[in-house]
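**Q** First the structure, which I've put down as structure tokens, then a few questions once you've had a look.
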Amino acid sequence: MIALRLGAALAAVCLGGMLCVRRKQPLFFKILLFAAACYLLGALFEGGWQLVYGAGPEGFHVGYLGYAGMWFFLLSSYFGAIDRLADGGERAYRPYRLAALIAPLLVLALTIGSVLRQGAAASLPLLLLAIPMGLTLYFALKHLLLPDVEMGIIRVMRPYNGYLLLLGLSQAVSLLPGTSSAVRTASTVLLSLLLAGMLPMAEAGVRKWYM
């Protein structure tokens, strides 16, 4: 599974790099590339550990800082680069903002449930990602629900926002301690596939509203 995630992260960085070289990209897209690079660093640590010791690291390890870094960069891509274009703060949009709280509340519920069932030590990887992942998924769900604006950003980026919600859910499930091996394997495979396609999916939307 580590090799699969490592390959997916490497593919994401390579694809994102090629897309940046081929055409001028906005800051939003470049931040996504940095996010994929953070995940790659985390996967490289795990892959190196497995190569040296013959098995993946158990419990919390430095590689999780790379995974957390991915979600902090993804959060920055929303908060600092695209949310101000999509949401002007109008009072009429308040119901959409409230509905979007479902995403971080779900991440919080999974995290609290994991701590109660398995303990804080076993749930530490999920605890580390809960805040940046939950906040990122809040923006993803909000942008998925918001009505379109004059510039068309909401409409063209809806597929990407739905994609990112699925990416976060699959990673959260893959980190839940005590899950069956079948569930963990399925969520890890889905996470890897989504990660590999994250940059091309984002670029497809970016090209429509930026190029």
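Any read-out appearing in this document is the output of simple, stated calculations on the displayed coordinates, not a laboratory observation. A quick note: this is a predicted structure, and the numbers were derived from the prediction, not measured. FYI the Cβ positions are ideal-geometry reconstructions off the backbone, even for glycines, and counts take in every protein chain you see.
**Q** For the chain, max minus min Cα coordinate along each principal axis, in Å, sorted largest first?
**A** Here the Cα extents, ordered largest to smallest, are 54, 42, 25 Å.
**Q** Post the alpha-carbon centroid distance, the range 13-78 to the range 112-141, in whole angstrom.
**A** Their Cα centres are 19 Å away from one another.
**Q** Can you pull the one-decimal nm distance between simple spin-label points at Cys20 and Arg155, each 7 Å off the Cα toward Cβ?
**A** Result for the modelled spin labels: 3.1 nm.
**Q** Based on the mean of other beta carbon atoms within 10 Å per residue, what is the order of 59-70, 128-139, most packed first?
**A** 128-139, 59-70
**Q** Relative contact order for the chain using alpha-carbon pairs under 8 Å, separation at least 6, rounded to a whole percent? Walk me through the numbers before you get to the answer.
**A** Working: 266 pairs, mean separation 55.1, N = 211.
Averaging sequence separation for qualifying contacts and normalising by length gives 26 percent for the chain.
**Q** Could you derive backbone 3J(HN,Hα) for the range 194-209 from the dihedral phi with the Karplus parameters 6.51, -1.76 and 1.60 (θ = phi - 60°), listing whole Hz in sequence and x where the residue is Gly or Pro?
**A** With the stated coefficients, the range 194-209 comes to 5, 5, 4, x, 4, 5, x, 5, 5, 5, 4, x, 4, 4, 6, 9 Hz.
**Q** Angle, helix 63-76 long axis vs. longest principal axis of the chain, Cα atoms, 0 to 90°, nearest 10?
**A** Compared with the principal axis, the helix lies near 10 degrees.
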